[in-house]
Amino acid sequence: MATVPTKIKVQLSGNERLQKLKDAFHGKYGQMPLFYACAPGRVNLIGEHIDYCGYAVLPMAIEQNILAAVSVSDSKTIQLANTDPKYKENPQWHYYFLCGVRGIQEHLSLSSLTGMCCVVDGTIPASSGLSSSSALVCCAGLVTMEANKKSLSKVVLNVTLAETCAKCERYIGTEGGGMDQSISFLAEEGTAKLIEFNPLRATDVRLPDGAVFVIANCCVEMNKAASSHFNMRVVECRIATKMLAKARGLDWSRLLKLGDLQKELQVSLKQMLELVEEVLHPEPYSRDEICKTLGISNEQLCENILSANTQHATDFKLYQRAKHVYGEAARVLQFKAVCDSSPANAIAQLGDLMNRSHESCRDLYECSCPELDQLVDICLQAGAVGSRLTGAGWGGCTVSMVPGDRIDSFLQTVRERYYVPDARRSALEKQSLFVTRPGGGAAIFIEE
C-alpha cells in the first residue's frame with residue numbers, strides 16, 4: 001500500500017518560501033530536509049461554536065499555512081526550531097506540535113518514534129481565529145505519520161488524521177469539536193466543505209460566482225487554550241443538554257451534546273428551539289439550581305460535568321447558549337441549501353445568514369468583543385453583504401462576503417477606517433486584511 005497523501009514533487013527554485021525554509025533547516029542542523037509537510041489554516045464561513053455540540057459546520061481552507069521541513073534519524077529524539085525569531089524565547093508552541101506527535105503515537109500504538117529534526121514556518125496570524133494552533137497540530141501529525149513510514153488509504157488516512165488530531169488537542173486543555181482539524185485534512189482547492197461528524201464526512205459546497213470572501217483581523221489576540229472562555233461555553237452547552245433531557249424524562253446522565261439530544265428526541269431544530277423557550281429561563285443558572293434540578297451534589301457537578309478550568313464558575317447562561325447552537329445549526333443548513341440551489345439573490349441570502357450568525361454570536365453566545373463588532377460594522381458599511389466573526393471569537397478575525405465589483409473600494413474603506421487610524425493596527429495591516437479563496441488540504445512535499 002502506498003504512503004499517502006500522495007507526495008507532491010516541487011522545484012524549490014520556483015518557491016521562495018520553501019527555499020528559505022530549506023536554507024534555514026541547513027543552517028540549523030547542517031543537513032538537508034528529507035521532506036516537507038504543510039497544513040492549512042481555515043476560515044469558518046458559518047457555524048460557530050457548534051461542532052463540539054455535534055452539528056455540521058461550513059469552513060474552507062485558506063492559502064496561509066504551517067509548513068515544516070523534516071529529516072529523520074535513529075536518535076529517537078525530536079528537535080524543533082521555528083523560523084520566526086519571536087518563538088525562540090517562547091517554547092509554548094512546542095506543546096501544540098508535540099500534541100500531534102503524541103496523538104499519532106497513541107493512535108498507532110507506536111512503542112517508540114523515529115527521531116526527527118524539524119524547522120517550522122507559519123504564515124497564519126497567531127491567535128487570529130484562523131486555526132494556526134490546530135494547523136500546527138495537524139502538520140505535526142502528518143509529519144509523524146510520514147517520518148515513521150505509516151501508510152493508509154487516502155480516505156482512511158485523512159479521516160484518521162483529522163479525528164486523531166482533534167482528540168489530541170485536548171492534551172493542552174481545549175475541548176474543541178473537530179472542525180479545524182477536519183478541514184485541514186479534507187479540504188480541496190476551489191470548494192468550501194460541509195463538515196459533518198459521527199461519522200466524519202465532508203461534502204463539497206460550491207460558493208456563488210460573483211462573491212469574494214475577505215478576512216480582516218481585528219488585531220485582538222485570543223488564545224483559547226490559555227483562558228476559560230472557550231471551555232466555559234462547552235460546559236454551558238453540556239449542562240443545557242442535561243437540563244433539557246431531564247425535562248423530557250430522558251436519561252440525562254449519558255447525554256453530553258445538544259446535537260445528541262435532538263437525535264434522541266427525533267425532532268426538528270425548530271422544535272428544539274421551542275423546547276429551549278419552554279424549559280430554560282433567560283436568567284443565569286446558579287450551581288445550586290443546576291444541582292437541585294439534576295439531583296446531584298456540587299461535588300458531582302465539579303467532578304463529572306465541569307472542566308478543569310471552569311471549576312470556579314458560579315453562573316451559567318444555558319438558555320442563551322442553547323438558543324445560539326440550535327439557531328446556528330439551522331443557519332448552516334440554510335447556507336448550504338442556498339449554495340446548492342443558487343437562486344438569483346443567493347449572495348443577498350447568504351449575506352443575511354452571515355449577519356444573523358454574528359448577531360447570535362454577539363448577543364447569545366457572547367463570544368465577540370468591541371473591536372470585532374466595530375470591524376463587522378465597518379465591513380458592512382464598506383459594501384459587504386454579510387460579515388461575521390470567525391473562529392472561537394473574543395478577538396481574531398471577521399469574514400465578509402463582498403460582491404466582486406466592490407472589492408477594491410471595500411478594501412480601501414476598511415483600511416482607512418479600521419487600520420490607518422491606529423498605529424499598531426496599521427503596522428499589522430498587510431497580514432490582517434486579505435482576499436481568500438478555498439485552498440487545498442494538508443500535504444507532503446518532496447524536492448524534485
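The values are calculated or read from the model by the stated rules, or taken from the named source; none is laboratory data. Keep in mind the model is a prediction, meaning the values are calculated, not measured. Note: ideal-geometry Cβ built from the backbone for every residue, glycine included; neighbour counts use all protein chains shown. The area values use the complete protein model at the heavy-atom level, side chains included, leaving out ligands, DNA and RNA. Shrake-Rupley method; radii C 1.70, N 1.55, O 1.52, S 1.80 Å.
Of note, V101 satisfies the criterion of being of a type outside the set (G, A, S), open to solvent by less than 10 Å² (accessible area, probe 1.4 Å) and closer than 19 Å to S182 by Cα.
Taken over segment 172-193, the criterion of being crowded, with 17+ Cβ neighbours inside 10 Å and either touching a Gly at 6+ places or on another chain (Cβ under 9 Å) or of a type in the set (F, W, Y) (or both) is satisfied by G177, M179, D180, Q181, I183, S184, F185, L186, A187. The numbered conditions (1) open to solvent by less than 10 Å² (accessible area, probe 1.4 Å); (2) touching a Leu at 6+ places or on another chain (Cβ under 8 Å); (3) assigned to a helix (DSSP H, G or I) are all true for S134 except (2). If the condition is being of a type in the set (F, W, Y), in contact (Cβ under 8 Å) with a residue 60 or more places away in the chain and out of contact with any Leu (no Cβ under 9 Å at 6 or more places or on another chain), then segment 61-97 contributes only Y95. For segment 335-359, a tally of residues being closer than 28 Å to M232 by Cα and without any contact (Cβ under 8 Å) to a residue 60 or more places away in the chain returns 4. Scanning segment 266-305 for residues that are in contact with a strand residue (DSSP E or B) (Cβ under 9 Å, 6 or more places away or on another chain) and either open to solvent by less than 60 Å² (accessible area, probe 1.4 Å) or in contact (Cβ under 8 Å) with a residue 60 or more places away in the chain (or both) yields Y285, S286, R287, I290, T293. Listed by position, the strands (runs of 3 or more DSSP E) inside segment 1-94 whose residues that are out of contact with any helix residue (DSSP H, G or I) (no Cβ under 9 Å at 6 or more places or on another chain) number at least 3 are 58-73. For beta carbons closer than 7 Å, sequence separation of 6+ or different chains, a first residue in segment 191-209 that is farther than 20 Å from Y52 by Cβ and in contact (Cβ under 8 Å) with a residue 12 or more places away in the chain and a second that is surrounded by fewer than 16 Cβ atoms within 10 Å (Cβ to Cβ) and not β-branched (V, I, T), the qualifying pairs are T191/D204; T191/R206; P208/S342. Contact annotation: residue pairs with Cβ atoms under 6 Å, 6 or more positions apart or on different chains, pairing a residue in segment 388-399 that is on the phi > 0 side of the Ramachandran plot with a partner that is hydrophobic (A, V, I, L, M, F, W, C), are G393/C367; W394/M222; W394/C367; W394/C369; G395/V220; G395/M222; G395/C369; G396/M222. If you go through segment 59-78 and keep only what is crowded, with 24+ Cβ neighbours inside 10 Å and farther than 17 Å from G100 by Cα, you end up with P59, M60, A61, I62. Selection of segment 10-58 for residues being of a type in the set (D, E, K, R), surrounded by fewer than 17 Cβ atoms within 10 Å (Cβ to Cβ) and over 19 Å from C139 (Cβ atoms) yields E16, D23. Kindly indicate whether any position in segment 126-134 is aliphatic (A, V, I, L, M) and more than 21 Å from K22 (Cβ to Cβ). Among the residues of segment 126-134, at least one is aliphatic (A, V, I, L, M) and more than 21 Å from K22 (Cβ to Cβ), which makes the answer yes. The residues of segment 230-265 that are out of contact with any Gly (no Cβ under 6 Å at 6 or more places or on another chain), open to solvent by less than 70 Å² (accessible area, probe 1.4 Å) and of a type in the set (K, R), listed by number, are R233, R238, K242. Which condition does A443 not pass, out of (1) free of Cβ contacts under 8 Å to residues at least 60 places away in the same chain; (2) surrounded by fewer than 21 Cβ atoms within 10 Å (Cβ to Cβ); (3) among the hydrophobic types (A, V, I, L, M, F, W, C), if it passes all the others? Only one criterion in (1) free of Cβ contacts under 8 Å to residues at least 60 places away in the same chain; (2) surrounded by fewer than 21 Cβ atoms within 10 Å (Cβ to Cβ); (3) among the hydrophobic types (A, V, I, L, M, F, W, C) is unmet by A443, namely (1). For the residues L136, L142, L108, the requirement of being more than 30 Å from R238 (Cα to Cα), in contact (Cβ under 8 Å) with a residue 60 or more places away in the chain and out of contact with any Ser or Thr (no Cβ under 8 Å at 6 or more places or on another chain) singles out L142.
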